[in-house]
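Written out below as structure tokens is the structure these notes cover.
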Amino acid sequence: MTTTVKLNVTGMKCGGCENTIKQTLTGKAGILSVDTSHGDDWVEVEFDETTIEEDDVIELIEGAGFTVVD
């Protein structure tokens, strides 16, 4: 089942930060697409829930040095 989440992410300051998140997520099993906006502080991820969970996506983003907020 495909799910899309839009997460509020702090710590992105430029396009390089966006690229870091995209590179961190792209190619991981179950990640279908990644879109980011450092100006608006969000990351949108489409993923296959049977392969990866939202918590795993959040963990990957935070592992790259950014903070996901509610």
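The values are calculated or read from the model by the stated rules, or taken from the named source; none is laboratory data. These numbers were taken from a predicted model, which means no experiment stands behind them. Glycine gets a Cβ as well: all are built from the backbone with ideal geometry, and neighbour counts include every protein chain shown. Ligands, DNA and RNA are excluded from the accessible area calculation, which covers all protein heavy atoms including side chains. Shrake-Rupley method; radii C 1.70, N 1.55, O 1.52, S 1.80 Å.
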**Asked** Considering segment 14-23 alone, what residues qualify as being over 13 Å from Gly65 (Cβ atoms) and hydrophobic (A, V, I, L, M, F, W, C)?
**Response** Cys14
**Complete:** Contact list, first residue from segment 45-56 and over 10 Å from Met1 (Cα atoms), second anywhere and of a type in the set (Lys, Arg), beta-carbon distance below 7 Å, six or more apart or interchain, is Ile52/Lys28
**Asked** Among the residues of segment 7-23, is any at pLDDT below 95 and either surrounded by 18 or more Cβ atoms within 10 Å (Cβ to Cβ) or not hydrophobic (A, V, I, L, M, F, W, C) (or both)?
**Response** no
**Item:** Positions within segment 21-44 being small (Gly, Ala, Ser) and closer than 15 Å to Thr2 by Cβ, in sequence order
**Value:** Ala29, Gly30, Ser33
**Asked** How many residues does segment 24-35 contain that are open to solvent by 60 Å² or more (accessible area, probe 1.4 Å) and more than 19 Å from Val69 (Cα to Cα)?
**Response** 5
**Asked** Pick from segment 36-68 the residues that are open to solvent by 20 Å² or more (accessible area, probe 1.4 Å) and under 8 Å from the mean Cα position of the chain (by Cα): which of them is nearest to Glu18 (Cα to Cα)?
**Response** Glu44
